[in-house]
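**Student:** Structure provided below as structure tokens; questions to follow.
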Amino acid sequence: MRRKKKQAVAAATNVELNIMPFIDIFSLLNTFLLFTAAFVSIGLLKVQVPYLSNAEPDKAPQRSLEINVSVDSTNVDLRTRFSSPPYQARESSYATTPDGIADFHQALLALKQDNPKQDLVTLYSDDGVSYKLLVVILDAVKVDSSQEYDETKDNNTLFPKVVIGSVLL
Amino acid sequence: MALSGDSNEAISLPIMPMLDIFSILVTFLLMSYSSDPISHDPNPALTLPDSITTVSLDEVPAVVVSKHEILVNDNKVLSITDGIDDKDTTQGAIYPLYQELVKLNTTNSNYSDAQAKDDSKVSTLTLEMDREHKFELMRMVMLSAQQAKFVTFKLVVSKEKARSS
């Protein structure tokens, strides 16, 4: 009896955890994750082009603000006017530098604050403008930097509807 | 385990550092694992523009405008290495692209009863384009798509964090 106990104690002291299956699982998991990992996160910017519709026009169109943005390689022009008198037309110009675009974005934030229901911007671009710059302008128009991003809410859009007017004009 | 020749002494390989590295790597990969609904590798022949958008990709791009060619569903439509030839343009649109997009819209409509009933219904097109291209080319692509009844575009961009400015 005593001998058996001694053998059991000796066996217990020599116990080693078999970690090979653990390493196997880790290796497989690592391989799978490395192969499927997407290191570039891809996003979308939704825009529209003008088109003819056979839908009936509004019978009593309300007075609304029209926001037009014109882009060339060096400047972004912001023009606003109301659809019916008094038009209160305004125009401002910004450079396409980071500071200029930040000022342009601030002007759009102020516009949104004054006209919270307004959601449409028409964008006109010069043929020589690079797609890279156009995306920066679209970001300034569409993404509301004043709001803390919350992925459960759609609260980070400034002007969600952007129509690229110069596609047809 | 290996046995040394003379003393029969067991030599064990220290695997704990390797386990540590594996644990850290697995944790990092799991944390950075993308939860986007669609995983898509951009065309290697183009560079996407950076954007601070928070909207994730929800469908694979149908039209890809790389540095040298235009593809529709991975099929080459036109080479643009030397610009676009006048014979390929009609009323400001790229005719071969227009033809492919008409086919694409017809195929899409066959899968959608609502669109099949209403011929005037317009569709959405996902566009992946190199960031160095000029708006002139983008306008021609959009005009071709517009004539094929695609009026809403989802521009594929590379997501970055909000700019500090």
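**Student:** So, A:VAL136, is that one among the aliphatic types (A, V, I, L, M), farther than 21 Å from A:LEU168 by Cα, surrounded by 14 or more Cβ atoms within 10 Å (Cβ to Cβ) and free of Cβ contacts under 8 Å to residues at least 24 places away in the same chain or not?
**Tutor:** Answer is no for this residue.
**Student:** Could I ask something else about it? Between B:PHE22, B:PHE28, which is at the interface with chain A (Cβ under 10 Å from one of its Cβ atoms), surrounded by 12 or more Cβ atoms within 10 Å (Cβ to Cβ) and touching a helix residue (DSSP H, G or I) at 6+ places or on another chain (Cβ under 6 Å)? Spell out how you get there, then give the answer.
**Tutor:** Details: B:PHE28 fails: touching a helix residue (DSSP H, G or I) at 6+ places or on another chain (Cβ under 6 Å).
Just a single option satisfies the conditions, and that option is B:PHE22.
**Student:** If the requirement is being at pLDDT 80 or above and not aliphatic (A, V, I, L, M), which of these qualifies: B:ASP50, B:ASP6?
**Tutor:** On the way: B:ASP6 fails: at pLDDT 80 or above.
Every option except B:ASP50 fails the conditions.
**Student:** Ok, one more. Within 14 Å of the chain's Cα centre (by Cα) and assigned by TED's automatic domain parsing to the domain that holds B:THR124: does that describe B:VAL72? Please lay out each step first, then the result.
**Tutor:** Details: within 14 Å of the chain's Cα centre (by Cα): yes; assigned by TED's automatic domain parsing to the domain that holds B:THR124: yes.
Yes; evaluated as a whole, the condition is true for this residue.
**Student:** Look at segment A:26-51 and say how many of its residues are part of a loop (DSSP other than H, G, I, E, B) and at the interface with chain B (Cβ under 7 Å from one of its Cβ atoms).
**Tutor:** Restricting attention to segment A:26-51, the residues satisfying the condition of being part of a loop (DSSP other than H, G, I, E, B) are A:37-41, A:49-51.
Pick out the ones that are also at the interface with chain B (Cβ under 7 Å from one of its Cβ atoms) and you get A:37-38, A:40-41, A:49, A:51.
Qualifying residue count, segment A:26-51: 6.
To keep it simple, each residue is scored yes or no on (1) at pLDDT 90 or above; (2) under 23 Å from B:ASP41 (Cα atoms).
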{"residue": "B:HIS68", "(1), (2)": "yes, yes"}
{"residue": "B:SER79", "(1), (2)": "yes, yes"}
{"residue": "B:LEU101", "(1), (2)": "yes, yes"}
{"residue": "B:THR106", "(1), (2)": "no, no"}
{"residue": "B:ASP113", "(1), (2)": "no, no"}
{"residue": "B:ASP119", "(1), (2)": "no, no"}
{"residue": "B:SER144", "(1), (2)": "yes, no"}
{"residue": "B:PHE150", "(1), (2)": "yes, no"}
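**Student:** Exactly one of these conditions fails for B:SER66: (1) surrounded by fewer than 16 Cβ atoms within 10 Å (Cβ to Cβ); (2) more than 25 Å from A:LEU33 (Cα to Cα); (3) touching a residue at least 24 places away in the same chain (Cβ under 8 Å). Give me its number.
**Tutor:** Unmet condition: (1).
**Student:** What do you reckon, is B:SER39 at pLDDT below 85, more than 17 Å from the chain's Cα centre (by Cα) and within 12 Å of another protein chain (Cβ to nearest Cβ)? Give the steps one after another, and end with the answer.
**Tutor:** Details: at pLDDT below 85: yes; more than 17 Å from the chain's Cα centre (by Cα): no; within 12 Å of another protein chain (Cβ to nearest Cβ): yes.
Spelling it out, it is not the case that B:SER39 is at pLDDT below 85, more than 17 Å from the chain's Cα centre (by Cα) and within 12 Å of another protein chain (Cβ to nearest Cβ).
**Student:** Looking only at residues in segment A:4-24 that are exposed (fewer than 12 other Cβ atoms within 10 Å of the Cβ) and β-branched (Val, Ile, Thr), which one is modelled with the lowest pLDDT?
**Tutor:** A:VAL9
The values are calculated or read from the model by the stated rules, or taken from the named source; none is laboratory data. Computed from a predicted model, the values in this text were never measured in an experiment. Note: ideal-geometry Cβ built from the backbone for every residue, glycine included; neighbour counts use all protein chains shown.
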